[in-house]
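Written below as structure tokens is the structure these notes are about.
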Amino acid sequence: MARDNSAVKPTEAELTLLNVLWQIGPATVRQIHETVSTTQKTGYTTVLKILQIMHEKSLVIRDESNRAHVYAAANSEMHTQSSLIKDLISKAFGGSTSKLVMRAIDESTSAQDIDDIRQLLNSLEK
């Protein structure tokens, strides 16, 4: 029976690999491992095992037509981020988007980020 992967929340390690796949596109385990290894120490077999688990969870798709399997993210970065944020808003902020935004914006928010947020709000009001 296929899982509904929109209900599956990736772990921190799985998000690391998803970020690599969103950055470089479909890739072999070796390519993913090489990319991850530039920022953190991790073994090839660890990356392989995490990808296998992610495939079982339907977080990635796997092309098995070649000797080296090629993995790709099952959902876009935006879709996954939206799902995670909706879950966070529901669980930590009682369903209130404004509470999340107010907590996220503080004195360390850059002027550029504030301008971007203002432009987004203006476009949503139109």
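A compact table of results
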read-out	value
Residue count, region 50-76 (criterion: more than 18 Å from the chain's Cα centre (by Cα), surrounded by fewer than 13 Cβ atoms within 10 Å (Cβ to Cβ) and not acidic (Asp, Glu))	4
Meets criteria (among the small types (Gly, Ala, Ser) and closer than 23 Å to Ser90 by Cβ) for Ala7	yes
Per-region count, region 6-49, residues within 15 Å of the chain's Cα centre (by Cα), among the hydroxyl-bearing types (Ser, Thr, Tyr) and not in a helix (DSSP H, G or I)	2
Subset of region 75-126 [closer than 30 Å to Val60 by Cα and of a type in the set (Lys, Arg)]	Lys86, Lys91
Positions within region 105-114 being more than 25 Å from the chain's Cα centre (by Cα) and not hydrophobic (A, V, I, L, M, F, W, C), in sequence order	Glu107
Pick from region 86-99, criterion under 20 Å from the mean Cα position of the chain (by Cα) and surrounded by 13 or more Cβ atoms within 10 Å (Cβ to Cβ), ranking: farthest from Pro26 (Cα to Cα)	Ile89
Among the residues listed as Thr109, Thr80, the single one being touching a helix residue (DSSP H, G or I) at 6+ places or on another chain (Cβ under 9 Å) and either modelled with pLDDT of 95 or more or within 23 Å of Ala7 (Cα to Cα) (or both)	Thr80
Failed item, numbered, when Met102 is tested on (1) in contact (Cβ under 8 Å) with a residue 12 or more places away in the chain; (2) part of a helix (DSSP H, G or I); (3) over 20 Å from the mean Cα position of the chain (by Cα)	(1)
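Here is a yes/no grid of residues against (1) over 21 Å from Val8 (Cβ atoms); (2) touching a Lys or Arg at 6+ places or on another chain (Cβ under 9 Å); (3) touching a residue at least 12 places away in the same chain (Cβ under 8 Å):
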| position | (1), (2), (3) |
| --- | --- |
| Thr35 | yes, no, yes |
| Lys57 | no, yes, yes |
| Leu88 | no, no, yes |
| Lys91 | no, no, no |
| Ala111 | yes, no, no |
| Asn122 | yes, no, no |
| Lys126 | yes, no, no |
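The values are calculated or read from the model by the stated rules, or taken from the named source; none is laboratory data. What you see is a predicted model; the values in this text were computed from it and never measured. Neighbour counts are summed over all protein chains in view; Cβ atoms, including those assigned to glycine, are modelled from backbone coordinates with ideal geometry.
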